[in-house]
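Colleague: Sharing a structure with you now.
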Amino acid sequence: MNVDDLVSDFYQLVLRRNAGEPEFHQAVSEVLESLKIVLAKDPEYGEKGLVQRLCEPERQIIFRVPWVDDQGQVQVNRGFRVQFNSVLGPYKGGLRFHPSVNLGIIKFLGFEQIFKNSLTGLPIGGGKGGSDFDPKGKSELEIMRFCQSFMTELNRHIGEYTDVPAGDIGVGGREIGFLFGQYRRLNNRHESGVLTGKGLTWGGSLVRTEATGYGTVYFTQRMMEEHGESLSGAKVVVSGSGNVAIYAMQKAQQLGATVVAFSDSSGYVSTPGGVDVELLREIKEVRRGRVGEYAEQAEGAEFHAKGNVWEVACDVALPCATQNELNGDDAKMLVANGCKYVAEGANMPSTPEAVEYFRKSSINFAPGKAANAGGVATSALEMQQNATRDSWSFEYTDERLQGIMSNIFENCAKTAATYDREHDYVVGANIAGFKKVANAMLAQGII
């Protein structure tokens, strides 16, 4: 059987066994497409059910999360933890609290996490979790009660040598605090390495808050340098205004770029003179407000309730909101407006049509599993500090992050060139991430 037929047959099996999970199908399809050239050149990777095992989680946990709201009414949500692959180390991946969460979303995120974690070069496997609970509009006490109920079940499945969750959409420092407190209470020990993204006074790491956004920009800067360009003087558009987006904006402007637009689900703000990051942090992180409030207070900023942030002309686009936010039409608009670099700060924010258009248009495109790996890399650095009861300076940790992101870029670029796909960072990331995991799986037997 030729490679195309082999991959097609296996993908059909994935579709049958994972019905109704389009995001997971999309993530698997993208990786399988890249692996065709690996399977053709190195057929041993197609043996021993390796690809089939890689696409099947080691463990899928679904549980009920009952909690009591401020009116005394019992509410019930659903919790998930998908422990996908631990061949390189303990499962590592965030928790997402958002009404869109379902098993397919968690599986897609966990599958991506395998390769992302592999690319960091650190000893961490891939996993993901979360709930369809929506923190928006909830009181702090309601969020605490939910987190405590969630951890009451989750705690038996995690541990610093087993599975180490972190935050994701809807799970920030407040939620991690409530989750960690309940874990301590249930287990009667201060096992600081069981969760990352903790507060700095109780086991957290400097740079972890900034890491995903900073890392995306470090990867972008390295990609631009490869083509003789720099962020200095560049115009940047960022989708989103959460943690990743805010710190991507901050680092981009520190490196000399001007962020000319950003967004949230209510619309977008055009900022031709750049973004006041501290004001935006105050509105989003302290007041938990909307981007329209920023436009009311910042000179030269304009809020657009209609339209699309990708309408704004730029040199660099950083999608940092959520999956499949940037479609084929958006990609065409970006290219038509002169954009030359796209780096994904979120997980799979570009649709397959958008990615294909970028690649055909010779846009330099960095997939999320490479460009946004800085967050989980710094989580692993937090784990190192917890294991040694140490605390590193901001400068040292940031230096480690820059080195990791540079190594990820070099690995992606070198791997793509090895397979005659120079500057195809999608292929480079997928193959480099896959081969490290695949070699470890082959070495450890059929398990």
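Colleague: Restricting attention to region 155-173, which residues are β-branched (Val, Ile, Thr), open to solvent by 30 Å² or more (accessible area, probe 1.4 Å) and within 19 Å of the chain's Cα centre (by Cα)?
Modeller: Listed by number, the list holds a single entry, 169.
Colleague: Can you confirm whether region 264-271 contains a residue that is more than 22 Å from the chain's Cα centre (by Cα) and more than 30 Å from residue 139 (Cβ to Cβ)?
Modeller: So far as region 264-271 goes, yes, one or more of its residues are more than 22 Å from the chain's Cα centre (by Cα) and more than 30 Å from residue 139 (Cβ to Cβ).
Colleague: Something else: Report yes if residue 101 is under 21 Å from residue 178 (Cα atoms), open to solvent by less than 50 Å² (accessible area, probe 1.4 Å), aliphatic (A, V, I, L, M) and not in a loop (DSSP other than H, G, I, E, B), otherwise no.
Modeller: no
Colleague: Can you report the number of residues in region 326-357 which are more than 17 Å from residue 216 (Cα to Cα) and open to solvent by 30 Å² or more (accessible area, probe 1.4 Å)?
Modeller: So the count comes out to 12.
Colleague: Sort out which residues of region 106-144 are β-branched (Val, Ile, Thr) and touching a residue at least 60 places away in the same chain (Cβ under 8 Å), and write them in order of number.
Modeller: 114, 120, 124, listed by residue number.
Colleague: All but one of (1) outside any loop (DSSP other than H, G, I, E, B); (2) open to solvent by 10 Å² or more (accessible area, probe 1.4 Å) hold for residue 146; which doesn't?
Modeller: Unmet for residue 146, out of (1) outside any loop (DSSP other than H, G, I, E, B); (2) open to solvent by 10 Å² or more (accessible area, probe 1.4 Å): (2).
Colleague: Moving on. Go through region 284-295 and give me each residue that's touching a helix residue (DSSP H, G or I) at 6+ places or on another chain (Cβ under 9 Å) and closer than 17 Å to residue 209 by Cβ.
Modeller: 284, 285
Colleague: Do you know which of the residues in region 364-412 that are more than 18 Å from the chain's Cα centre (by Cα) and of a type in the set (Ser, Thr, Tyr) is nearest to residue 217 (Cα to Cα)?
Modeller: Filtering region 364-412 for residues that are more than 18 Å from the chain's Cα centre (by Cα) and of a type in the set (Ser, Thr, Tyr), the one nearest to residue 217 (Cα to Cα) comes out as 397.
Colleague: Which fully enclosed helices (runs of 4 or more DSSP H) of region 174-283 have 3 or more residues being touching a Leu at 6+ places or on another chain (Cβ under 9 Å) and open to solvent by less than 10 Å² (accessible area, probe 1.4 Å)?
Modeller: The qualifying helices (runs of 4 or more DSSP H) are 211-226, 243-254.
Colleague: On to the next question. Cβ-Cβ distance below 9 Å, separation of 6 or more or different chains: which pairs start in region 243-261 with a residue that is over 16 Å from residue 314 (Cβ atoms) and end on one that is of a type in the set (Val, Ile, Thr) and surrounded by fewer than 22 Cβ atoms within 10 Å (Cβ to Cβ)?
Modeller: Filtered contacts from region 243-261: 243/209; 246/277; 247/209; 247/277; 250/277.
Colleague: In the list 317, 321, 366, which residue meets the criterion of being within 28 Å of residue 273 (Cα to Cα), open to solvent by 10 Å² or more (accessible area, probe 1.4 Å) and touching a Ser or Thr at 6+ places or on another chain (Cβ under 9 Å)?
Modeller: 321
Colleague: Please work out which one of (1) without any contact (Cβ under 8 Å) to a residue 60 or more places away in the chain; (2) over 15 Å from residue 82 (Cα atoms); (3) in contact with a Phe, Trp or Tyr (Cβ under 9 Å, 6 or more places away or on another chain) is the condition residue 155 fails and give its number.
Modeller: (2)
Colleague: Could you please let me know if residue 428 is under 30 Å from residue 309 (Cβ atoms), touching a helix residue (DSSP H, G or I) at 6+ places or on another chain (Cβ under 6 Å) and part of a loop (DSSP other than H, G, I, E, B)?
Modeller: When the stated conditions are applied, residue 428 does not pass them.
Colleague: Moving on to the next point. Among the candidates 333, 348, which residue alone is on the phi > 0 side of the Ramachandran plot and touching a Phe, Trp or Tyr at 6+ places or on another chain (Cβ under 8 Å)?
Modeller: Matching residue, one of 333, 348: 348.
Colleague: So in region 392-412, with the set limited to residues that are under 15 Å from residue 122 (Cβ atoms) and free of Cβ contacts under 8 Å to residues at least 40 places away in the same chain, which one is surrounded by the fewest Cβ atoms within 10 Å (Cβ to Cβ)?
Modeller: The residue in question is 403.
Colleague: Among the residues of region 421-445, count how many are surrounded by fewer than 15 Cβ atoms within 10 Å (Cβ to Cβ) and either in contact with a strand residue (DSSP E or B) (Cβ under 7 Å, 6 or more places away or on another chain) or at pLDDT 95 or above (or both).
Modeller: So the count comes out to 4.
Colleague: I would also like to ask the following. Select from region 376-391 the residues that are charged (D, E, K, R) and outside any helix (DSSP H, G or I) and write down the one among them that is least open to solvent (accessible area, probe 1.4 Å).
Modeller: 390
Colleague: Please go through region 392-425 and give me each residue that is of a type in the set (Asp, Glu) and assigned to a loop (DSSP other than H, G, I, E, B), ordered by number.
Modeller: The answer is 420, 422, 424.
Colleague: Exactly one of these conditions fails for residue 415: (1) more than 20 Å from the chain's Cα centre (by Cα); (2) in contact (Cβ under 8 Å) with a residue 60 or more places away in the chain; (3) surrounded by 17 or more Cβ atoms within 10 Å (Cβ to Cβ). Give me its number.
Modeller: Checking residue 415 against (1) more than 20 Å from the chain's Cα centre (by Cα); (2) in contact (Cβ under 8 Å) with a residue 60 or more places away in the chain; (3) surrounded by 17 or more Cβ atoms within 10 Å (Cβ to Cβ), the one that fails is (2).
The values are calculated or read from the model by the stated rules, or taken from the named source; none is laboratory data. All figures in this text were calculated on a predicted structure; none of them were measured in a lab. We place every Cβ from the backbone using ideal geometry, glycine too, and count neighbours over all the protein chains shown. Surface accessibility is based on the protein's heavy atoms, side chains included, excluding ligands, DNA and RNA. Shrake-Rupley method; radii C 1.70, N 1.55, O 1.52, S 1.80 Å.
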